[in-house]
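The values are calculated or read from the model by the stated rules, or taken from the named source; none is laboratory data. Remember, it's a predicted structure, so these values are computed and weren't measured experimentally. Because the Cβ atoms are built from the backbone with ideal geometry, glycine has one as well, and the counts that use them run over all protein chains shown.
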Amino acid sequence: MPAASRGVRKAAGGLSRKANGALHRATRAAEQGMRSAIHVFVLPLRPSGGKDLAAFLWRNFAKPPSGGLERIAGGPYPASAFYASTSTYDGGYTCNTRTADALRHAGLSVTTAGVVFAGQVMRQVRRLCAECASPKASP
């Protein structure tokens, strides 16, 4: 079998294999360093949206018997880290699917259906931002 075919087969196999998930958390200091590298979107939440989002995220953190959270690796930015998660990661539920799921739990009109890549969830976020910026017709 050609090396390219083996590589494609290996990559496709990875999409169907479940692995332990991880949650990435950046501190305020790390966020400041990321500002120039990321896009920031402000989305309006219903009154309980922030609380519902926090509850969803908290449920997704694995909590060891010793208490606290289980830090598993440093993150891609200074002062950021990856923590163990209760959910798994596979080709059907990626970090981007989890992001859409979190936004949905916050009460936003976002779907997880078909979300695998960042662009698929970001299109939904941009749509929400456009809807928020559009002038509303008065009754």
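Of note:
- Among the residues of region 112-128, those that are closer than 26 Å to Ser48 by Cβ and surrounded by 15 or more Cβ atoms within 10 Å (Cβ to Cβ) comprise Thr112, Val115, Val121, Met122, Gln124, Val125, Leu128.
- Helices (runs of 4 or more DSSP H) contained in region 26-139 and holding at least 1 residues of a type in the set (Phe, Trp, Tyr), at pLDDT 90 or above and on the phi < 0 side of the Ramachandran plot: 49-60
- Evaluated against (1) free of Cβ contacts under 8 Å to residues at least 24 places away in the same chain; (2) within 13 Å of the chain's Cα centre (by Cα), Leu103 falls short on exactly one condition, (1).
- Residue in region 47-86 that is surrounded by the most Cβ atoms within 10 Å (Cβ to Cβ), counting only those that are among the small types (Gly, Ala, Ser) and within 20 Å of Ser109 (Cα to Cα): Gly49
- Residue match in region 87-94 (condition: surrounded by 13 or more Cβ atoms within 10 Å (Cβ to Cβ), without any contact (Cβ under 8 Å) to a residue 40 or more places away in the chain and of a type in the set (Asp, Glu)): no
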